[in-house]
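Notes to accompany the following structure.
The numbers here are math on the coordinates, done by the rules we state, and not lab data. Model, not experiment: these values are computed from the prediction. Here Cβ is always computed from backbone atoms with ideal geometry, including for glycine, and neighbour counts include all displayed protein chains.
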Amino acid sequence: MSNAVNFRKSWLLGLGALAVAGGAAAAWYGLAPHDPMAAGVAECRASQPTAERLKPLAKGEVAAVGVSHAPKPPPVIAFNGPEGQPMSLSDFKGKTILVNLWATWCVPCRQEMPALDKLQTELGGPDFQVVAINVDTRNREKPKAWLQENGIRNLAYHADPEGKLLQVLQKSGHVVGLPTTFVVDPSGCEIALLKGPAEWASPDAVAFMKAALNRP
């Protein structure tokens, strides 16, 4: 059985934990339909070739990744950067980013982190970054300590200890559980979304991200 299957089983079991952590109202935001906003879709029309290039590569360990049929700007979210400074996704415009939401109480999230760290090591550079955003709202030093204790050295620390980011992405339909990962291209358009875990250091995932970067 592949790692992807094992991860997704753990993720499904963890959905209840998110409902408890986010509260009953927030837990059902994911059922709300997402309005793609025609203006945003038009703005992202130039991203369509990248999405088409990715579609045949959503297979194997990344088979559950949904590649966008109509790329659009992601929801506007705010979080803290490595020095505690306010940040948003627009701060990364000009590079492709893989945005991952994780928490220390989420088992499949913890399982993913070493692979995301390896992906950053292999592909990270001026044109690509893994942006892992922690959403723990209690014991704010715990996530940093967990990363250090588990040898996660290559991921810059981003966090939303207030929990506001998670609520925005639940309302938009991006999040029904953790982990959640989405890919944003250099023009700031969302081209792929995964609701659940994946083996991000696998050959399938590396090939997928290389295609997003238009690298050989």
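Mind ordering 86-95, 133-142 by average Cβ neighbours within 10 Å, highest first?
133-142, 86-95
Just to check I understand the Karplus step: with θ = phi - 60° and J = 6.51 cos²θ - 1.76 cosθ + 1.60, what whole-Hz values come out for the range 110-116, glycine and proline as x?
Values per residue, Gly and Pro as x: 4, 5, 6, 4, x, 5, 5 Hz.
Along the principal axes of its C-alpha atoms, what lengths does the range 104-179 span, in descending order and rounded to whole Å?
33, 27, 20
Report, to two decimal places, the Cα Rg of the range 73-216 normalised by 2.2 N^0.38 Å (N = number of residues).
0.96
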